[in-house]
Structures are given as C-alpha cells and as structure tokens.
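A short worksheet on the structure shown next.
The values are calculated or read from the model by the stated rules, or taken from the named source; none is laboratory data. Here the structure is a predicted model, which means the values were calculated and not measured. As a convention, Cβ positions derive from the backbone with ideal geometry for all residues, glycine included, and neighbour counts pool all protein chains shown. Surface accessibility is based on the protein's heavy atoms, side chains included, excluding ligands, DNA and RNA. Shrake-Rupley method; radii C 1.70, N 1.55, O 1.52, S 1.80 Å.
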Amino acid sequence: MAIDPVKGQGAQQNVHNRFDRYSFDSEDEDADLRKTNFTEVFPKTIVNQVKSPDLPMEYSLNPYQGCEHGCSYCFARPTHEYWGYSAGVDFERSIMFKKNAPELLEKFLKKRGYQPKPILVSGNTDCYQPVERKLEITRKLLQLFLDYRHPVNIITKNALVLRDIDILKPLAEQNLVSVALSIPTINEDLRRVMEPRTSSSKNKIRAVEELTKNGIPVHIMVAPIIPGLNSDEILSIMKVTSEAGALSAGYTLVRLNDTVEPVFVKWIETYFPDRKDKVLNLIRSMRGGNLGEKRFYNRYEGEGNIAEMIHNTVKLGKRKFFAGRERIVLDTSNFTGTKDQQLRLF
C-alpha cells in the first residue's frame, strides 16, 4: 500500500539519532517538515585530510553541513548526527553553513611548507546546493584557488556551477580545475523523487555542454547505481554525457550504512512500494546479505552477479563512449603560496 509522500524531499521523517543523548528535539508533530533552517557555524579549520585508502583524493573541503538536495541514499546523512540532528528530515532541512570557509582556506594555503595537492570541494555535501545561490561561499573559495593558482576538483549535482564559469574558465586555462557532475538518472520522473531538489536531468546535461564549450574538463558520475531502479540507465547516461562533451565517467554502487538504511527504506516504500522488496534484495545480493558496507574497497566493489553485471556494463560504456578520452591530471607546479592579485576578478 502506497504511503502519501512528503513531496520535495527524500526523507519522509526523522530517524532516531544514534547519539540521542545529544540530539535536538525535532519530532514535534506540528513542525513544518518542508521548512529549511540555516545556521552559521564557525569551524577552526576547513580543509580535511582524506585518509581512506580507497579514495583518490588527499584533501577535501565542505562549505556546508547537511544538504538541501534531499537524496534519500546520501552516504553523508549519518554525519548530521554528530551535530545533534537526525539523518532524516533534519539532514536536508537543517543546514549549517561556514561563512568563514574562504578565510580558513587562505590560512591553509599560506601554511609554511605546504605542498599543494588538488583539493576536492564537496567531498561530503554539495557545495552548489540551493542556498549557495545566495551565500556564494563556494564562489569565494574558487576565487581563492584562482588567486593562489591552486588545483581544485568539484563534484556537484547542481547546474548552479555554471554561474561561476567566469572563474572556472581561467582556472581551466591553467589546468587547475575539473568538474564532476553526478547524474544517476536521466529519467526526469525518477529524478524528481530520487533527488528532489537537484537540477533537472536536462539542466545537468546542459551544464556538461556549457562547461565543455568553455574549456572546463567534465567528469560524470553515475552514482549511486541502484539495481532495479536506475541500473538499466547506465549506458544511456554514458552515451548522452559523452555526446555532451564529458571526458570520463565513474560510478558507485549504492550502500545504505547506518541511518541511511531506514531513510532509504522508507523512501522506496513510499514511492515504489511494488519494487521495494526486489530492490532491497538486489542490494543485499551485492552486500553479502546486508544493505550497507563499510569495508574499504569492498564498499565500492560489491560482490555477486549483480555487482559483476554492473561493473561489466560500465566497462562496456567506457569502451563505447569514452575511448581515447582521459580524465585530466591537474597541475600543482604554479602554486607559490602567495596571492596573485592580477588574477582577482572583482
């Protein structure tokens, strides 16, 4: 039996915070689940060292905590619990922003003896979620990367990245930037409920085209691949993004760790009750009978016939649509640790 959904968001309710001793009371029945609240926070550092051995980046940076995009499967949901919130509705409706992120980034770049490595912006939550249109924290960060000639990778689900072409273009001219667009579906009906407040599929493809036209290298992520839901779109997504100019493609298999699991289960029960058992069983077949996976490497590789079929499909798509193209390696040689005022755009 279908459940009436709370439209425009992935989580249909808040889920129990594992650290409930520190939780905020966000289960008020009269609370407006559609209202988004924003809170400024004041971290002392902004660049994080990435120590996971199965990830290619060494540093990441997140100007926001929580994400308005509302993807039910988001692996970052449990991080909201450390702040006293729920991984459910709170994750997408109680957003923390870091206005001092540019100041902290500049302090990091000026550290004595710092050896530059590409920094990933949005290693956890999206740097181009809707509130960025107003706050422009990501834009200010990108200007600093340009000023210091420092390489930066971006990953986003939002075509708002096009707003900053005036900064991205001179970065690209010095081989200092690449943009990864996450496109798990080009079925707009599915996208509206799967990632309700991201850019439309059409606008994401347009973003690939516009970035490419401006010489900005684009990588696409078919992520996550959910068997029985979007796994039949892999080749179609790779084809259309290749035609739009993307240089390379990557992917991840869905994993529902910790409190992501109840959020996703409630979501699929709400929107696809007829497919719920099939999809969850297919995920379990890739995860050794579980819905989640935390082991390094295993979390990306999966196991079993379904995982193998997905791996082979992606390999086929790369051969067919991305042959002769490569993801670029960003340049670290021009970084001096001092600001080049001639590159200041404003």
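Annotations
- Backbone geometry of the range 181-192 corresponds, through the Karplus equation with coefficients 6.51, -1.76 and 1.60 at θ = phi - 60°, to 3J(HN,Hα) couplings of 9, 8, 10, x, 7, 10, 8, 5, 5, 6, 4, 4 Hz, x marking Gly and Pro.
- Sorting 90-97, 199-206, 43-50 by average packing, meaning the other beta carbons within 10 Å per residue, from highest down gives 90-97, 199-206, 43-50.
- Neighbourhood net charge (11 Å Cβ-Cβ; Lys/Arg +1, Asp/Glu -1) for Phe42: +1
- Judged by the mean number of other Cβ atoms found within 10 Å, the most tightly packed of the peptides 257-267, 207-217, 58-68 leads the ranking 58-68, 257-267, 207-217.
- About the centre of its Cα atoms, the range 149-208 shows a dipole size close to 100 debye [charges on the beta carbon of Lys, Arg (+1) and Asp, Glu (-1) only; nearest 20 debye].
- Antiparallel DSSP beta bridges within the chain, as percent of all bridges there, nearest 5: 15
- When the range 130-266 is described by a simple charge dipole with +1 on each Lys and Arg Cβ and -1 on each Asp and Glu Cβ, the residue from Tyr148, Asn214, Val131 located farthest towards its positive end is Val131.
- Residues of the chain: accessible area per residue with a 1.4 Å probe, Å²: 47
- Counting only aspartates and glutamates at least 8 places from Lys35 when in the same chain, those with an alpha carbon closer than 20 Å to its own are Asp4, Asp25, Glu27, Glu68, Glu81, Asp90, Glu92, Asp126, Glu132, Glu195.
- Our coupling estimate for the range 258-268, obtained by passing each phi through the Karplus curve with A = 6.51, B = -1.76, C = 1.60 and θ = phi - 60°, is 6, 7, 5, 4, x, 5, 5, 4, 5, 5, 5 Hz, Gly and Pro reported as x.
- Listed residues Asn203, Leu247, His80: farthest to the positive end of the dipole of the chain (Cβ charges): Leu247
- For a straight C-alpha distance cut-off of 27 angstrom, the lysines reachable from Lys320 (same-chain residues fewer than eight places away being disregarded) are Lys157, Lys202, Lys204, Lys213, Lys239.
- Listed residues Lys278, Lys99, Lys111, most fluctuating in the chain (Gaussian network, C-alpha, under 10 Å): Lys111
- Rounded to the nearest 20 debye, the dipole size of the range 120-241 about its Cα centre is 200 debye, using +1 on the Cβ of Lys and Arg and -1 on the Cβ of Asp and Glu.
- Formal net charge of residues neighbouring Gln115 (Cβ-Cβ distance under 15 Å; K, R +1; D, E -1): +3
- Amide H to amide H distances under 5 Å link Tyr59 with Val50, Leu120, where only residues 5 or more positions off or on other chains count and H is placed in the peptide plane.
- For q = 0.06, 0.09, 0.10 Å⁻¹, Debye-computed log10 I/I(0) when each Cα of the chain counts as one equal scatterer: -0.21, -0.48, -0.60
- Considering only alpha-carbon pairs that sit under 8 angstrom and 6 or more positions apart, the relative contact order computed for the range 52-168 is 32 percent.
- Selected from Asn334, Ala223, Val193, residue furthest toward positive end of dipole (the chain; charges at beta carbon): Asn334
- Cα-centred dipole magnitude for the chain, charges only on beta-carbon of K, R (+1) and D, E (-1), debye, nearest 20: 1060
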